[in-house]
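Have a look at the structure below before the remarks.
Bear in mind that the values in this text are calculations on the coordinates, not laboratory data. Since this is a predicted model, take the numbers as computed values, not measurements. As a convention, Cβ positions derive from the backbone with ideal geometry for all residues, glycine included, and neighbour counts pool all protein chains shown.
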Amino acid sequence: MNKEYLIQIEKYLKGKRLSLVVFAEVYDHFVMQISQSMDKNGISFQEAFVNVKLNWEYELEMVKADIFSFRKVARIEKRILQTRFKKVIWSSLLFSLLVGLTFFVSEELFFYTEILVLLTFISILMYNFIGKKMSFREYQQLGFHPLLLRNILLAVLVFPVAGYFFKTFEFWKPIVNQLIILYSVAVQIQLLYLRAKKINVLLS
């Protein structure tokens, strides 16, 4: 496996726009599988390369990253992203509900908790800007992130429907709006944190 072969593998995989971690893992698999195929079957690099590409065709097929996203990623990347998104969604829901419970304990405690969450968001955002881990353009794109678009859909469709059926559910109550905002901010905090850690969350 000479340098020229390794460059061909690298160039092919870079065309799949994989994140650094996934790229490194898939690259290692490609090199190993091609080398083994060449040694075991006594075939040329190009033959082995084609065979391995065919074996990985499904995993490396470019598909939509999310139902609310126009970006395409490799299928293997999509699965990782979806798992990551589910963790962000559930942790944000749990967090916003727990914070919401403080409202029934003390409205003042609820207010200060909201302030603390907002300060956390601003701090992480500034860290990303100052550390040049995110551009202002990328931050603008954050507003159209699939997880936040789901939040908008939830607010626009699910809550009014629930209110219609249960009659007593008042969507425009301040506490309901604040919980939706808290959920949205919790999602953004996690996305910014993962971005700072250079973990792929479709922010670039």
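Counting neighbouring beta carbons within 10 Å and listing from fewest to most, the residues I152, I67, I180 come out as I67, I152, I180.
Extension gain for I122-K197 works out to 25.3 nm (0.36 nm per residue, less the C-alpha to C-alpha distance).
Determine which residues of segment 41-69 fall in the zone a paramagnetic label at Q140 would reach in this model, i.e. backbone nitrogen under 20 Å from the point 7 Å along Cα→Cβ. From segment 41-69, the list is 69. Selection among F129, F144, A48 by position relative to the dipole of the chain gives A48 as farthest towards the positive end (Cβ unit charges, Cα centre).
Take the Cα radius of gyration of the chain and divide it by 2.2 N^0.38 Å, with N its residue count; two decimals is plenty.
Working: Rg = 22.7 Å, N = 204, 2.2 N^0.38 = 16.6 Å.
Computed over Cα atoms of the chain, the ratio equals 1.37.
Per 0.36 nm of contour for each residue apart, how much would the distance between I115 and I181 grow if the chain were fully extended, relative to their Cα-Cα spacing? Please list the in-between numbers first.
Working: separation 66, 0.36 × 66 = 23.76 nm, distance 1.22 nm.
In short, 22.5 nm is gained.
Every helix of 4 or more DSSP H residues in the chain counts as -39500 (n - 2.57), and over all residues that averages to -24000 deg cm²/dmol at 222 nm. When both segment 102-152 and segment 2-47 are represented by their alpha-carbon centers, they are found 40 Å apart.
Approximating the spin labels as points 7 Å out from Cα along Cα→Cβ, the L101-to-K86 distance works out to 2.4 nm. Rounded to the nearest 20 debye, the dipole size of the chain about its Cα centre is 320 debye, using +1 on the Cβ of Lys and Arg and -1 on the Cβ of Asp and Glu.
Could you compute the net charge surrounding Y183? Neighbours are other residues with a C-beta less than 14 Å from the C-beta of Y183; K and R count +1, D and E count -1. Kindly include the intermediate steps, with their values, before the conclusion.
On the way: positive: R150; negative: E114.
Computed value for this residue: 0.
Which helices, taking whole DSSP H runs in the chain, have alpha carbons extending 18 angstrom or more along the helix axis plus mean Kyte-Doolittle at least 0.5? Numbers along the way, then the final one.
Values: long enough: 20-41 (31 Å, 0.24); 75-105 (46 Å, 0.74); 107-130 (34 Å, 1.48); 174-196 (32 Å, 1.29).
What comes out of the filter, once short or polar helices are dropped, is 75-105, 107-130, 174-196.
Tell me, in nm to one decimal, what length is gained between Q46 and F129 on full extension, where the rule is 0.36 nm per residue of separation less the Cα-Cα distance? Numbers along the way, then the final one.
On the way: separation 83, 0.36 × 83 = 29.88 nm, distance 4.46 nm.
Difference between extended and current length: 25.4 nm.
With contacts taken as Cα pairs under 8 Å at a separation of at least 6 residues, segment 3-60 carries a relative contact order of 29 percent.
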